[in-house]
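Taking it in order: structure first as structure tokens, then the write-up.
The values are calculated or read from the model by the stated rules, or taken from the named source; none is laboratory data. Model, not experiment: these values are computed from the prediction. All Cβ positions, even for glycine, are placed from backbone atoms using ideal geometry, and neighbour counts span all protein chains on display. These area figures cover heavy atoms from the full protein model, side chains too; ligands, DNA and RNA do not enter into them. Shrake-Rupley method; radii C 1.70, N 1.55, O 1.52, S 1.80 Å.
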Amino acid sequence: MTDIRFSDLCHFEPKQWQATEAADTHRYTLFGGSRGPGKSYFLRWYAVRRLLMWAAQGHSGVRVMIGSEDYPALWERHISKAQTEYPAWLGAYHVSRNEFRLDQKWGGGVIAFRNLDDASKYMSSEFAGMCIDELAKNSQRTFDLLRGSLRWPGIEDVFFVGASNPAANWVRDYWISRQLPPELESAKGQFAFVPALPDDNPHLDKSYWAMLDTLPTALREAWKLGNWFAAVEGLVYETFSADNITDEEPNPEIPIELAIDDGYSPDPRATLFIQRYPDHILVFDELYQYKVMEERTVIDIKERCDANGWPVPELAVVSHEAPALRERLRRADIPARNWLAAKNMVQGERSKRVAAIKHTRSLLCDGQGYRTIRIHRRCRALLDEITSGYKYPEGKHTVDDFPADGNDHSCNALESYVFMRVRTP
């Protein structure tokens, strides 16, 4: 095979080269997280790169896939461009099979363009690599079905590369929040995310930037600024981002406190485990329990602490309608306080809740961008509420309005704690 320099074939920008390095060394790579950084171009040419690399290693006829959620999207994003973008000397596009086949001089590898309206069609197929555009528009089941076909005889460094705009779904969970299902925990080190923004692409014209600036707040935050946690309209904590999520573990030498929003059925009882530091507040664990009696929750709290070598909590901030739970905690040597009893100039339960929300918002991200509250990624119930469930009613709202009732239990626990235990500036 005649030598060929990949850098002479395409014109990657620095972020695309960074994504290339990640995809070369990780099995599952996500690139992008905004509109306009050249995600689709990267996928088309990264597929070529790997085929050329394998050909240089002696592998011929290797197949990789470029996929989109349906055929119209596949045509617009890739097929229409690949037919003219790939040079004729590199290979030929076969319309009847929707495949680009490299010339035998370059290993005879195949790029198969496939729509993913029913990923089960490919269960018996084999691909050494997959490049999936707008990954978040596909289901988690599609991802599982596709990776089941990620194999090729003699090739161990198979790859899966996705590109996507932000969305509040499993893609965000896997690559941004790093919340993987149990069956993928062992592969956690194989997941890589390379963020890119529109200004990483110098080829965008002014009209595209003008369009991004006219979008509603949530879409503009997501598509222009790459905020994966701003894609849901009406979120109470719309400034929350991946920078609020941490892997920091609690210090067993520092006191632990609890925040509890009481419930039984149909509402759950939400318990947060918290440590305060000079420069941040760490929410490091949670209990989210349905139909559990007060004494069982107290036992679970103490067992969780014993199992992890944490000290017994020094204080529990508890919702006002839970006198029985507060009494159970006191009997277990955990002082418990009603959050509404906090001495504060604000009067009335509703007004106190609104004040607590405002203060919590400022701790999640203040005017200088500092994020005092950091939440461990294992606190899934709290993170789910903040990023997708805890919202204002539909329509216009102000910061003085009351959020919609429902998916708010862990957030209420956090707000109550902040109101009682963290001074306002």
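Observations on the model:
- Identity of the residue in the stretch 373-397, surrounded by fewer than 18 Cβ atoms within 10 Å (Cβ to Cβ) and over 17 Å from the mean Cα position of the chain (by Cα), that ends up modelled with the highest pLDDT: Pro393
- Unmet criterion (only one of (1) of a type outside the set (A, V, I, L, M, F, W, C); (2) surrounded by fewer than 18 Cβ atoms within 10 Å (Cβ to Cβ); (3) touching a Ser or Thr at 6+ places or on another chain (Cβ under 6 Å)) for Asp70: (3)
- Filter result for Glu85 (of a type in the set (Asp, Glu) and within 22 Å of His26 (Cα to Cα)): no
- Of the set (1) under 20 Å from Ala112 (Cα atoms); (2) buried (at least 17 other Cβ atoms within 10 Å of the Cβ); (3) of a type in the set (A, V, I, L, M), all apply to Ala19 but (1).
- In the stretch 22-58, residue surrounded by the fewest Cβ atoms within 10 Å (Cβ to Cβ) [restricted to those that are within 26 Å of Ser149 (Cβ to Cβ) and charged (D, E, K, R)]: Asp24
- When the stretch 398-408 is limited to residues that are under 20 Å from Pro266 (Cα atoms) and in contact with a helix residue (DSSP H, G or I) (Cβ under 9 Å, 6 or more places away or on another chain), the one that is modelled with the lowest pLDDT turns out to be Gly406.
- Residues that are in a loop (DSSP other than H, G, I, E, B) and farther than 26 Å from Tyr208 by Cα were ranked within the stretch 1-16; the one that is least open to solvent (accessible area, probe 1.4 Å) is Ile4.
- Between Glu248, Glu253, the distinction of being modelled with pLDDT of 90 or more, assigned to a loop (DSSP other than H, G, I, E, B), touching a strand residue (DSSP E or B) at 6+ places or on another chain (Cβ under 7 Å) and open to solvent by 30 Å² or more (accessible area, probe 1.4 Å) belongs to Glu248 only.
- Residue match in the stretch 218-228 (condition: basic (Lys, Arg), within 22 Å of the chain's Cα centre (by Cα) and not in a strand (DSSP E or B)): yes
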